Each structure stands twice: as structure tokens, then as C-alpha cells.
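Worksheet: one structure, shown below.
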Amino acid sequence: MNDLGKLAAAAQDGDESALTLLLEDLQNIFRGFFIRRIGSRAEVDDLVQNSLVRVSTSLVDLRDPSRLKGFAMKAALFELQDYFRGRYSAKETLFDELAPSEGSTYQADAAATIDVERALAQLSPKARQIIELREYGYRYEEIADMVGTTEAAVKMQVKRAFDKLRQLISVLWWMIMWSFLSNSA
């Protein structure tokens, strides 16, 4: 049995460190696979993460751990097919609007103090669950099945949650900036 197969067998037996090592090894393999096929686009990171999620959640279904690489590459192929079918879109970013302009004297460590967890706590439990599942790489259709609603409702919930998070983080950012400017004066 190869090294990946041994790690897969250990991960199936519940060894968390083996699972971590396995996913780290697969991450490099997936990254090369996707870059060769679509170039070094921003979507590569999403494709890699979604492939890792597919492998980790379906690892229990792998009957022969020595065939892990083929099993993993099939997961990557499914993600690539979804990408080419247009099921991927650019991820919405939270901080683009908040990024300092070039040449600004803004201190980067002030932004690091923005408490995203506090902002997330302001969401309803269902909205937070949907955002977390989306961040873990689940597609809208899968999230809808998990929470028992429609795909359109999930998309609307994500949009509303991001709008609320943007507003909350903006307020936190301005509070930090006000504090920073008050202390430097």
C-alpha cells in the first residue's frame, strides 16, 4: 500500500492527524491538476477546497484505501466539470471595499483587530449556518438540502447575510479607525 493509502486507512480509522496530512498532500496534487487545466485563476483555490471537502466527507465510502489517489482525482474531476458547466462564480469578498488605497498610511494591524466572530454572532442561527456551510465549500443546492429549503432561498439568505456582515464590519472598521486616529493625535 502506498503512503496515501496508509494515510487514508488511518484517517478512516479516526486518526485526525492522518486526515490532516492526507488533505495537505492532496491539496498539492489538486492544485497542480487545476492549474494545468484552467490556469492560475482565483477559482483554483475554490476548486481545491471543494475537492478536499468532497474527499474528506466521502472517505468513509472508500473500500480500498490503496486506491485513494484515483478516488480523490475523481472528486477533483467532478469539481472541474462543475466549473466548466458554469456552476462556479467568483466568491463574494467582504474586505474589498475596506482595503486601504495605495500610498495610504493606514496601519494593517488595525484591520486585523476587526472581530468577524462578533459580526457573525449578529446573524440569525440559520443565516450563520448557511454562511458557514458556504465557506466550507458546499454548493447552494447541497446547502438547501441540508437546511430544508430551496436553492433560491439559500442564495437570498447568503446575499442578505453578506450585506449585514458588510454593514457590521464597516461599523467596526470605522470604530477602529476612530480609535486609531484619536490615539495618534
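Quick note: the coordinates plus some simple rules give every number you see, no bench work behind them. This one's a predicted model, so the numbers in the text were calculated from it and none came from an experiment.
Using the eigenvalues of the Cα gyration tensor, what equivalent ellipsoid semi-axes result for the stretch 3-84 when each is taken as the square root of five times the eigenvalue, whole Å, largest first? Mind showing how you got there, number by number?
On the way: eigenvalues 103, 28, 20 Å².
They are 23, 12, 10 Å, listed from largest to smallest.
Candidate cross-link partners of K155 among the lysines, defined by an alpha-carbon separation under 29 Å and a same-chain spacing of 8 or more, comprise K74, K91, K126, K164.
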